[in-house]
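Everything below concerns the one structure shown next.
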Amino acid sequence: MGSNSQAHKDIIPFMMFQIGDQFDHFQIRSHLATGGMADIYRAYDIMNGKEVVLKIPNQQMIGDPAQYERFQRELEVTNTLKHPTLQRGLGSGQFNRTPYLVTEYVEGRSLRDIITQDAPLPPETVLPLIERIADGMAYCHENNVIHRDLKPENILVRTDGQPTIIDFGLALTKDRRRVTYANLSPTAGTPDYMSPEQIEGQRGDARTDVYALGTMMFEMLAGHLPFEGDSYQVVVAQHLQAPLPRLDRIKPGITPQIAAICAKAMQRDPDDRYPDMRAFLSDLQNPAAADVSILAKGTGKAVPFWKNSTLQAAAVGVLILILLIVFAVAAQGLRP
Ligand SMILES: Nc1ncnc2c1ncn2[C@@H]1O[C@H](COP(=O)(O)OP(=O)(O)O)[C@@H](O)[C@H]1O
Ligand SMILES: [Mg+2]
C-alpha cells in the first residue's frame, strides 16, 4: 500500500491538478498526458455540461517568454483553423494567471497505439487514413500554417476510423518569424519523422510536413520505421544518408506504385518531393497512376554530414577542446 502510493507519486510528480479539482469553470475528470510543456486533462465544463480536453502549460513554461509565445500561437492556430480532420478548438482562457486551451475530447486511439498494436496495416486501411490527414494538412498549408511535428502521437483516430490532427505546439505561421526549429531540434522530441532540412536546422515549409506524413505512411505499411537506431545521432544520420528501403520489396502485397508514392514524399531534397499536400493527395487517391521511375533513383544524394547541426555543434566542441589543449601546452612551454 505504502509503496503503491509512493509509485503513484513517482509517476506524476508534476501533475498540477487532482481528479475532481475545479479549474475555472471546469472539473478535472482524468489526466490524459504530460507533455514537454503542458499537462493534458479530460474535464467537464460546468457551464454547458460538455466533456472537453484542457491543455494547461506547466509553470516553468509560463515563465519562459519563448515558450509562452509558442503556447499563444498554439491557442490561436487551434481556435482559428476549422476542418473535419483537425482537432476542434473550443476556446481558451486564463485562470489564476495560467493560460489554457480548451478542445473537444476525441474518443479513440492514438495512431501510435494503433501502430504498436496492429501494424503492419494493409494499404486499404493506410491509404484512406493518410488521405484524410493529407487533406487536413493541405487545408492548414493553404491557411499558412505548417505543423512541423506530425507523428503518430499527434494523430488521434476516432472510433469511427476518422483521424484527427492535434498539437500545433511547434506550428509555424508564415506571418510570424520568432521561433525557429533550429532552437528546438535537440529537445523537440523524436527525430524519427524529422525531414533532412529540419535536421539541418531550417524552419521548413509545407514539404517538411509531406516528408513526415510519408514517414508515417511507411511505418504503417511496413510495421517499422524506415530509419531506426538506438540514438538520436544514428537516426538523424540515416535520414541524411541511408537509402530508403523499398516498400514493395520488404512487404508482400505492396505495389511498386504505392512504394513510389511513399518514396516521392520522402525524397531527401524538398525540391524532389511532392510540391504540396494536394499533389501527394492526388497520387494517394489514384495510386495506379503514380510514376514508379522514382524507385530506380532512390531518395536522392546523401546530405553531407557537415550540414547536420548536431554534428556541427559536436565539431565546434572538439575544435574548442583542441585549441584549449594547444593553449595549455603553449603556456607550459612559455614558463621560465
Ligand atoms: N482532444 C484530445 N482528445 C483525447 N486525447 C487527447 C486530446 N488532446 C490530447 N490528447 C492526449 O494527450 C497527448 C498529448 O497531447 P498534445 O496536444 O500532443 O500535447 P504535447 O504538446 O505535450 O505533445 C496526446 O498524445 C493524446 O494522448
Ligand atoms: Mg503531442
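Keeping to the range 42-85, report how many residues are aromatic (Phe, Trp, Tyr) and outside any helix (DSSP H, G or I).
Narrowing the range 42-85 to residues aromatic (Phe, Trp, Tyr): 44, 68, 71.
Going one step further and asking which of them are outside any helix (DSSP H, G or I), we end up with 44.
Looking only at that region, the number is 1.
From ASN154, ASN58, which residue is touching a Phe, Trp or Tyr at 6+ places or on another chain (Cβ under 7 Å) and within 16 Å of ligand 2 (Cβ to nearest atom)? Even if it seems obvious, please write down each step before you answer.
Details: ASN154 fails: touching a Phe, Trp or Tyr at 6+ places or on another chain (Cβ under 7 Å).
Answer to the selection: ASN58.
Identify the single condition in (1) touching a residue at least 60 places away in the same chain (Cβ under 8 Å); (2) within 19 Å of ILE133 (Cβ to Cβ); (3) of a type in the set (D, E, K, R) that GLU200 does not satisfy, given that it satisfies every other one.
With respect to (1) touching a residue at least 60 places away in the same chain (Cβ under 8 Å); (2) within 19 Å of ILE133 (Cβ to Cβ); (3) of a type in the set (D, E, K, R), GLU200 is out only on (2).
In the range 149-194, what residues are modelled with pLDDT of 90 or more, touching an Asp or Glu at 6+ places or on another chain (Cβ under 9 Å) and more than 16 Å from GLN87 (Cβ to Cβ)?
ASP192, TYR193, listed by residue number.
Look through GLU74, GLU51 and report the one residue that is at pLDDT below 95 and closer than 30 Å to TYR139 by Cβ.
On the way: GLU51 fails: at pLDDT below 95.
Only one candidate passes the filter, namely GLU74.
Scan the range 250-278 for residues that are over 10 Å from ARG207 (Cβ atoms) and assigned to a helix (DSSP H, G or I) and report the count. So that I can check it myself, show each step before the final result.
Taking the range 250-278 as the starting set, the residues that turn out to be over 10 Å from ARG207 (Cβ atoms) are 250-264, 266, 268, 278.
Retained after the next criterion (residues that are assigned to a helix (DSSP H, G or I)): 250, 256-264, 278.
Matching residues across the range 250-278 total 11.
Using the structure shown, decide if VAL102 is within 16 Å of ligand 2 (Cβ to nearest atom), buried (at least 19 other Cβ atoms within 10 Å of the Cβ) and of a type in the set (A, V, I, L, M, F, W, C). Break it down stepwise before answering.
Numbers: within 16 Å of ligand 2 (Cβ to nearest atom): no; buried (at least 19 other Cβ atoms within 10 Å of the Cβ): yes; of a type in the set (A, V, I, L, M, F, W, C): yes.
Considered against the rule, which asks whether it is within 16 Å of ligand 2 (Cβ to nearest atom), buried (at least 19 other Cβ atoms within 10 Å of the Cβ) and of a type in the set (A, V, I, L, M, F, W, C), VAL102 comes out as no.
All but one of (1) within 18 Å of GLY169 (Cβ to Cβ); (2) without any contact (Cβ under 8 Å) to a residue 24 or more places away in the chain hold for PRO99, so report the exception by its number.
(2)
One residue is enough: does the range 261-271 have a residue meeting the conditions surrounded by fewer than 17 Cβ atoms within 10 Å (Cβ to Cβ), farther than 18 Å from PRO191 by Cα and assigned by TED's automatic domain parsing to the domain that holds MET220? Give the derivation first.
Step one: of the range 261-271, the residues surrounded by fewer than 17 Cβ atoms within 10 Å (Cβ to Cβ) are 269, 271.
Narrowing further to those that are farther than 18 Å from PRO191 by Cα: 271.
Next, from what is left, pick out any that are assigned by TED's automatic domain parsing to the domain that holds MET220: 271.
Yes.
Looking only at the range 20-34, count every residue that is within 12 Å of ligand 1 (Cβ to nearest atom) and crowded, with 16+ Cβ neighbours inside 10 Å and tell me the total. Write out each step before concluding.
First, the residues of the range 20-34 that are within 12 Å of ligand 1 (Cβ to nearest atom): 29-34.
Now drop any that are not crowded, with 16+ Cβ neighbours inside 10 Å, which leaves 29, 31, 34.
Here the count works out to 3.
In the range 139-171, how many residues are at negative phi and in a loop (DSSP other than H, G, I, E, B)? Reasoning before the result, please.
First, the residues of the range 139-171 that are at negative phi: 139-143, 145-147, 149-160, 162-166, 168-171.
Pick out the ones that are also in a loop (DSSP other than H, G, I, E, B) and you get 143, 147, 149-151, 159-160, 162, 166, 168-171.
Qualifying residue count for the region: 13.
Filter the range 105-138 down to the residues that are among the β-branched types (Val, Ile, Thr) and surrounded by fewer than 17 Cβ atoms within 10 Å (Cβ to Cβ), then identify the one that is nearest to ligand 2 (Cβ to nearest atom).
Filtering the range 105-138 down to residues among the β-branched types (Val, Ile, Thr) leaves 106, 114-116, 125-126, 130, 133.
From what's left, surrounded by fewer than 17 Cβ atoms within 10 Å (Cβ to Cβ): 116, 125.
Values: THR116: 16, THR125: 23 Å.
This residue is THR116.
Can we say TYR139 is farther than 21 Å from THR190 by Cα, hydroxyl-bearing (Ser, Thr, Tyr) and away from ligand 1 (no atom under 14 Å from the Cβ)? Please lay out each step first, then the result.
Working: farther than 21 Å from THR190 by Cα: yes; hydroxyl-bearing (Ser, Thr, Tyr): yes; away from ligand 1 (no atom under 14 Å from the Cβ): yes.
Against the criterion (farther than 21 Å from THR190 by Cα, hydroxyl-bearing (Ser, Thr, Tyr) and away from ligand 1 (no atom under 14 Å from the Cβ)), TYR139 qualifies.
Mind checking whether some residue in the range 110-120 is at pLDDT 95 or above, part of a loop (DSSP other than H, G, I, E, B) and more than 14 Å from ligand 1 (Cβ to nearest atom)?
The first filter runs over the range 110-120 and keeps only residues at pLDDT 95 or above, leaving 110-120.
After this cut, where a residue has to be part of a loop (DSSP other than H, G, I, E, B) as well, the list is 119-120.
Checking the rest, the ones that are also more than 14 Å from ligand 1 (Cβ to nearest atom) come to 119-120.
So far as the range 110-120 goes, yes, one or more of its residues are at pLDDT 95 or above, part of a loop (DSSP other than H, G, I, E, B) and more than 14 Å from ligand 1 (Cβ to nearest atom).
The values are calculated or read from the model by the stated rules, or taken from the named source; none is laboratory data. Owing to the predicted nature of the structure, the values given are computational and were not obtained by experimental measurement. Reconstructed Cβ throughout: ideal geometry from the backbone, glycine too, with neighbour counts over all protein chains shown.
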